[in-house]
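All remarks here apply to the structure that follows.
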Amino acid sequence: MGATLSWFMPKLYKPEAFALPDGIYMDGNSLGLMPHAAKKAVERRLTDWAEQAVMGWDHWFGLSESLSPALARLVGARPEEVIATGSITTNLHLLVPTFYRPQGQRRHLLATELDFPTDLYAMRSWADLNGAELRLIPSRDGHTLHPDDIAAAITDEIALVLLPTVLYRSGQLLDVARWTEYAQAQGCVVGWDAAHSIGAVPHQFHDHGVDFAVWCSYKYLNAGPGAPGGLFVHERHLGTVPALRGWWGNDKTSQFRMENEYSRGEGAGAYQLGTPGVLSLAGLEGALEVYEGVDLAQLRARSLELTGLMLSLADELLPEMQVITPRAEAERGGHVSLQWDHNKQVSLALRARGIIPDYREPGIVRLAPIPFYNNEDDVRGTMQAIREIIDSGEYRSVGEGSAVS
Ligand SMILES: Cc1ncc(COP(=O)(O)O)c(C=O)c1O
C-alpha cells in the first residue's frame, strides 16, 4: 500500500461492512458484494410491509426522491437532477426519445462499436422508429476508442450522441468534460452511460453540462442484483416534458388526485413511470450508507493504486496476456482487463480456487479490486493464482461451466 494514502485506509477499507465470501472477490464491476446495511434496509422495509400494509406507502411514496442527495453526490449533480429508477435500458428508452430532436440533415444517432449491446439495441430502436441511422464510432484496436475517431464521427448530421464513461470490456475511461463540450459545440445532445464509473470514478455531470446520463447500481454501488438504476437530467432541461410518461412521474402534490392529464413532476423524478419496487430500492438505500462520509477522490485514488499494482503484476507475471486496459490513470476506470485465448478456462479455474473474476468474450478476464473490500494481498493473490493456473496446466482440465457473469 502506498504510504501516502495509508492514513485514510481505516475509513475506506471496511470489509466488515460486506458479506464477504471465502476467497477473493474481484467481480465488483459486475455484481458488488452485499453490504450488511443493504440487508438491514430490505429487512426494515419487509417489516414495514408486514406491520403497516398499505399504510406503508405514507413513507415509501417519497423513497426514490429521498435517495437523490446521496446519488447526486456520486455523479456531481444537484439532487433534483437525479432519480433512482428503472434500468439502464429502460432509462435510455425514456431519455433518448425525449432529447432526440431530428431536424433537417441533423437526424442520426451516434454510439460506439464497443458499447454494451443493450445501449445499441435501445439507440437503434429510436433510430428505426424515426427512419434515421445509428452510426457507430469505430475502434482501431477492437478495445479502445481513439480521440480522433470520436471527433470525426461527431458531425452536423448527428442529433444525439451516447457515450460510455468507461468501456465495459477494456475499462477505458473517456473524458466526460471534453466530449460533452465537443459534441455540444457541434450542436449535438450528449448522453452518458455511467454503468462502469458510478461509485468508482467521481463525476461532475452538472458542472460539465452533460445533457443526460444513466447508470445501474448493482456494480460498484453494491445495491443488489437488479436494483433500480438511475438517471441524470441537467437542470436546464428539467422543464422538458418526458416523451414517455407514467403516473409516478406526475407532480407529487397532485398524483393522487388521479387527474386524466399528466402534470410534470419536479426534477428528474418526472422520468419515473410506474410504482417503484420498494424492496429493491431498499437495497440501494442501504448500499448508499456505505458511501456516507467517503471522500470520492480518495476512493478513486485508492482504486488507481490497486489497479496500478495489478497492471505492474500483469507485466511481471503474465507476459502471455495482453493488457487491453489503458495504462494512463486518466484513461482507466475501476477494472483491469487481460486478454488471452484460454481466459475462459482460466476464469473457471480461478472460480474453482475461490477467486471470483469476471469474464467477457472474447477471452477477456476483467478484475476489479474494490477499495472497500480488496487490498494488495487480494491483488497479488489473484495474479499469482493465474500464473500458477497457467504453469500447472490446471486451466486445461476445467469443465465447461458457465462463466457468463
Ligand atoms: C455499460 C453497460 N450498460 C448497460 C448494462 C446493462 O443494462 P441494464 O441495467 O438495463 O441491464 C450493462 C451491464 O453490465 C453495462 O455494463
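The values are calculated or read from the model by the stated rules, or taken from the named source; none is laboratory data. Everything numeric in this text was worked out from a predicted model, so none of it was measured. When we count neighbours, we look across all protein chains shown, and the Cβ atoms used for this are built from the backbone with ideal geometry, even at glycine. Side chains included, ligands, DNA and RNA excluded: accessible areas come from the protein's heavy atoms. Shrake-Rupley method; radii C 1.70, N 1.55, O 1.52, S 1.80 Å.
Side notes on the structure shown:
- If you go through region 386-405 and keep only what is modelled with pLDDT of 90 or more, open to solvent by less than 80 Å² (accessible area, probe 1.4 Å) and not aliphatic (A, V, I, L, M), you end up with Arg387, Ser392, Gly393, Glu394, Tyr395.
- Taking residues in region 249-262 that are touching a residue at least 24 places away in the same chain (Cβ under 8 Å) and at negative phi, and partners anywhere that are open to solvent by 60 Å² or more (accessible area, probe 1.4 Å) and part of a strand (DSSP E or B), not one pair has Cβ atoms closer than 9 Å while being at least 6 places apart or on different chains.
- Check on Ala84, farther than 25 Å from Ser254 by Cα and crowded, with 17+ Cβ neighbours inside 10 Å: no
- Candidate set from region 16-49 (those that are surrounded by fewer than 13 Cβ atoms within 10 Å (Cβ to Cβ) and out of contact with any helix residue (DSSP H, G or I) (no Cβ under 9 Å at 6 or more places or on another chain)); member that is nearest to Gly171 (Cα to Cα): Pro21
- Set side by side, the residues Val241, Val201 differ, and just one is closer than 21 Å to His93 by Cβ and in a loop (DSSP other than H, G, I, E, B), which is Val241.
- Beta carbons closer than 8 Å, at least 6 apart along the sequence or on distinct chains, pair a first residue in region 369-383 that is farther than 26 Å from Leu288 by Cα with a second that is open to solvent by less than 10 Å² (accessible area, probe 1.4 Å) for Thr382/Met26; Thr382/Met310; Thr382/Leu350; Thr382/Pro357; Thr382/Leu367; Met383/Met310; Met383/Ala314; Met383/Leu318.
- Search result, residues across region 154-177 that are of a type in the set (A, V, I, L, M) and either closer than 22 Å to Thr98 by Cα or not in a strand (DSSP E or B) (or both): Ile154, Ile158, Ala159, Leu160, Val161, Leu162, Leu163, Leu167, Leu174, Val176, Ala177
- Arg140 vs. criteria charged (D, E, K, R), in a loop (DSSP other than H, G, I, E, B) and within 16 Å of the ligand (Cβ to nearest atom): no
- Where Arg178 falls short, out of the listed (1) open to solvent by 10 Å² or more (accessible area, probe 1.4 Å); (2) in contact with a Gly (Cβ under 7 Å, 6 or more places away or on another chain): (2)
- When Val201, Val214 are checked against the criterion of being within 24 Å of Ala297 (Cβ to Cβ), surrounded by fewer than 24 Cβ atoms within 10 Å (Cβ to Cβ) and under 12 Å from the mean Cα position of the chain (by Cα), Val201 stands alone in meeting it.
- First in region 36-47 and under 17 Å from Gly226 (Cβ atoms), second anywhere and among the aromatic types (Phe, Trp, Tyr), Cβ under 9 Å, 6 or more apart: Arg45/Trp60
- Per-region count, region 312-326, residues surrounded by 17 or more Cβ atoms within 10 Å (Cβ to Cβ) and under 16 Å from Asp377 (Cα atoms): 2
- Test for Asp128: is it farther than 28 Å from Ile364 by Cβ, open to solvent by 60 Å² or more (accessible area, probe 1.4 Å) and not in a loop (DSSP other than H, G, I, E, B): yes
- Checking Leu92 against (1) open to solvent by 30 Å² or more (accessible area, probe 1.4 Å); (2) part of a helix (DSSP H, G or I); (3) within 15 Å of the ligand (Cβ to nearest atom), the condition it does not meet: (1)
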